[in-house]
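For reference, the structure is listed below as structure tokens.
The values are calculated or read from the model by the stated rules, or taken from the named source; none is laboratory data. Here the structure is a predicted model, which is why all the values come from computation and not from measurement. Cβ placement follows ideal geometry from the backbone for every residue including glycine, while neighbour counts extend to all protein chains displayed. Only protein heavy atoms, including side chains, enter the accessible area calculation; ligands, DNA and RNA are left aside. Shrake-Rupley method; radii C 1.70, N 1.55, O 1.52, S 1.80 Å.
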Amino acid sequence: TMAHSKALLVLENFIAGKFVPCSSYIDSYNPSTGDIYCRVPDSGKEEVEAAVKAAKAAFPIWSSKSPLERSQILNKLADLIEHDLEAFAQAESKDQGKTITFARTVDIPRAVYNFRFFASSILHHTTECTEMATVGCVHYTSRAPVGVAGLISPWNLPLYLLTWKIAPAIACGNTVVAKPSEMTSVTAWMMCKLLEKAGVPHGVVNVVFGTGAKAGEALVCHPDVPLISFTGSTLTAQRITEKSAPHCKRLSLELGGKNPAIIFDDADLTQCIPTTLRSSFANQGEICLCTSRIFVQRGIYSEFLERFVAEAKKWKVGNPSDPTVDVGALISKEHLEKVRSYVKKAQAEGARVLCGEGVDSLALPTGNQKGYFMLPTVIAEVKDESCCMQEEIFGPVTCVVAFDTEEEVIERANSVKYGLAATVWSSNVGRVHRVARRLQSGLVWTNCWLIRDLNLPFGGMKASGIGREGAKDSYEFFTEVKTITIKH
């Protein structure tokens, strides 16, 4: 076993500008083969304590730098990641199971852009000022970084969502302790190797690897970490809220979704079908913004279903490193079982599985037989109260149902606990605006999906979270505002 363990990649925590070995480790699997390929530190209180201490020590120097100085460092870091884009993409694909194509075109370019975007936006914020001439007063606001930010990111878009937090946190002058998912820690570790070269002072960015239960909990409970930004499940967010309540921490929580697509009978199906396939199955359906409830107006229901299923069957599932593959492996064996169990429940309830899991056979390359793969699966005739229509499945599974009226579909679309994203397909402009206003959803895309302007607020309603992220929103979250009144 010694020879075997030598071949494994062994990650180390990054604290105060140095890689630090850990006393115990967690196995991380390659989802496309089912083999252990990496060992991740199993950090706890001690490691988090050291990281918070380093972040606190670095705060005075980092926070006193000008926005321009911080901006230049963020841009340098973006350049370094971009220079290694292919290596990062390969690592992300292998570690997460996503296709190399998706990692190359979405994950890593977006991680680079996250740094560039906040490097730019930090230069353009202004504070407010009001005058009270009658009493001879001027009021103005001043914003300052808060301190040590605790950042907890998920396994579906590992570097993309980690940098979406690190970039605004450090751009605003905070220092950070980040905890990526223990299942997908490799690209975060690779990024740590570039920090010094980019000019990030020691202790500004610390990364502690480990589980939510141990490392995450220690970070959330630490009295010297006033802010927590978390992306992940609603269940974990409830625990974070409870644990941070005694410390009155500031929370930003981006949670799950049960996102509807509403397709009216005047939709342009030539655009709607390929986009809705993407919004259902991109990244194996493991995106919080993925569509999992498709409401189709009755007049076009059977045509839509026929064309949608025919196209879904063309999506190629297989080795993520093959550039022609559309669907990679799911994150873990447990997660694959969970996603499959939803399909079984739907069948037991009398719904029809039209393609995919349990209906079509999946042929995998020799080396991938033990990987966590699943075909894009389309389920029809599911009842609105079914768990398949109420709970986040987070896999390549989507449910298609018919509706008759605008009024009815709005009510049905809103009848879940989540409210993250929605898509509306119609060529009627008036209807588009009416429906968008009434959907309980933080984001509504019309005749498109996942087109983002990072300036604008991102986040959800109801059980999909608290707070928003974006140029202005992230700046407000990661700074403390003060109102100053001067009598002259």
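Brief remarks follow.
- Averaged per residue, the chain has 41 square angstrom of accessible surface, using a 1.4 angstrom probe with ligands and nucleic acids left out.
- Surface composition of the stretch 259-446: carbon and sulfur make up 49 percent of the accessible area, probe 1.4 Å.
- Kirkwood estimate for the chain, i.e. one over the average of 1/r between Cα atoms, Å: 23.5 Å
- Over 20 Å [Cα-Cα, the stretch 57-129], rounded percent: 46 percent
- Using alpha-carbon coordinates, inclination of helix 108-121 to the longest axis of the chain, degrees: 40 degrees
- Degrees between helix 429-438 axis and first principal axis of the chain (Cα, 0 to 90, nearest 10): 60 degrees
- Counting lysine pairs in the stretch 259-446 that sit 8 or more residues apart in sequence, or on different chains, and whose Cα atoms lie under 19 Å apart gives 8.
- Charge dipole of the stretch 259-446 about the Cα centre (unit charges at C-beta), most positive-ward option of THR275, TYR342, PRO365: PRO365
- Dipole magnitude for the stretch 259-446: computed about the Cα centre from +1 point charges on Lys and Arg Cβ and -1 point charges on Asp and Glu Cβ, it is near 360 debye.
- For the stretch 1-153, the Kirkwood estimate of the hydrodynamic radius, built from every pair of different alpha carbons, is 19.3 Å.
- Mean-position separation - Cα centroids, the stretch 199-216 and the stretch 313-355, in angstrom: 33 Å
- Projecting the Cα positions of VAL186, LEU219, LEU157 onto the charge dipole of the stretch 146-292 (unit charges on Cβ atoms of Lys, Arg, Asp and Glu, taken about the Cα centre) puts LEU219 furthest along the positive direction.
- Taking a straight Cα-Cα cut-off under 20 Å and skipping sequence neighbours fewer than 8 places away in the same chain, the aspartates and glutamates within cross-link reach of LYS76 are ASP84, GLU86, ASP107, GLU196.
- Each Lys and Arg adds +1 at its Cβ and each Asp and Glu adds -1 at its Cβ; summed about the Cα centre, the chain shows a dipole of about 820 debye.
- Volume per residue of the convex hull around the Cα atoms, evaluated for the stretch 259-446, comes out as 110 Å³.
- Antiparallel content of DSSP bridges confined to the stretch 259-446, in %, to 5: 10 percent
- Axis of helix 298-312 versus longest Cα principal axis of the chain: the two differ by about 80°, to the nearest ten degrees.
- Computed from the alpha carbon positions, the gyration tensor of the stretch 347-434 leads to an equivalent ellipsoid with semi-axes of 31, 15, 13 Å, biggest first.
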